[in-house]
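Novice: Have a look at the structure that comes next, please.
The values are calculated or read from the model by the stated rules, or taken from the named source; none is laboratory data. If you're wondering where the values come from, they're calculated on a predicted model, not measured in any experiment. Cβ: placed from backbone, ideal geometry, glycine included. Neighbour counts: every protein chain shown. Just so you know, the surface numbers come from the protein's heavy atoms only, side chains and all, with ligands and any DNA or RNA stripped out. Shrake-Rupley method; radii C 1.70, N 1.55, O 1.52, S 1.80 Å.
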Amino acid sequence: MLRQKISAVVVALILAFSVSGCVMLAVGAAGVVGGYVISPDTVEGTVTRSTDDVWNTAKEITGIMGQVSEENASQGVLIANINAARVTITLISINSTTTKLTVKARKAFMPKIDLAQDVYGKIVNGINR
């Protein structure tokens with residue numbers, strides 16, 4: 001009886017942590033790049049580069065991976081179609097050398113976190129080249 005209660009609590013804790021939405025991830029192929037999953041379709045993190053550097057890299061990466069459909073540099077929003085999914089990249093300048101990078105990916109109203117992680121990782125790795 002006690003063993004079942006402990007098992008139930010452990011399972012509940014694991015489930016709670018797995019769906020909480022704020023988990024640190026190892027994103028990227030060339031190294032560990034910090035990013036947070038903030039929702040089922042969005043990865044977010046900060047990079048120590050200017051907004052212009054991040055914008056140019058994001059545009060290059062999305063152009064290689066798919067097709068840029070909308071861009072607004074003044075608002076820091078880039079929308080691309082990659083693997084039939086709509087990927088929205090948002091850049092917010094924190095200061096002159098730090099930028100908040102958010103990547104959101106959805107395909108037919110379904111979240112595509114794996115694609116968001118892939119795009120985020122490639123942008124961050126591209127900046128660090």
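Novice: Mind listing whichever residues of the range 47-64 are of a type outside the set (Phe, Trp, Tyr) and buried (at least 18 other Cβ atoms within 10 Å of the Cβ)?
Specialist: Once the filter is applied, which keeps residues that are of a type outside the set (Phe, Trp, Tyr) and buried (at least 18 other Cβ atoms within 10 Å of the Cβ), the range 47-64 yields 47, 49, 51, 54, 57, 58, 61, 62.
Novice: Same structure, new question: Determine which member of the set 98, 90 is in contact with a strand residue (DSSP E or B) (Cβ under 8 Å, 6 or more places away or on another chain), among the polar types (S, T, N, Q) and at pLDDT 95 or above.
Specialist: Exactly one of 98, 90 is in contact with a strand residue (DSSP E or B) (Cβ under 8 Å, 6 or more places away or on another chain), among the polar types (S, T, N, Q) and at pLDDT 95 or above, namely 90.
Novice: I need the full set of residues from the range 71-110 which are among the polar types (S, T, N, Q) and over 18 Å from residue 44 (Cα atoms), in order please.
Specialist: 72, 74, 81, 83, 96
Novice: Which one of 21, 34 is in a strand (DSSP E or B), modelled with pLDDT under 95 and open to solvent by less than 80 Å² (accessible area, probe 1.4 Å)?
Specialist: 34
Novice: While we're looking at this one, here's another question. Taking residue 53 as meeting all but one of (1) of a type in the set (D, E, K, R); (2) free of Cβ contacts under 8 Å to residues at least 24 places away in the same chain; (3) in a helix (DSSP H, G or I), write down the number of the exception.
Specialist: (2) is the only condition that residue 53 fails.
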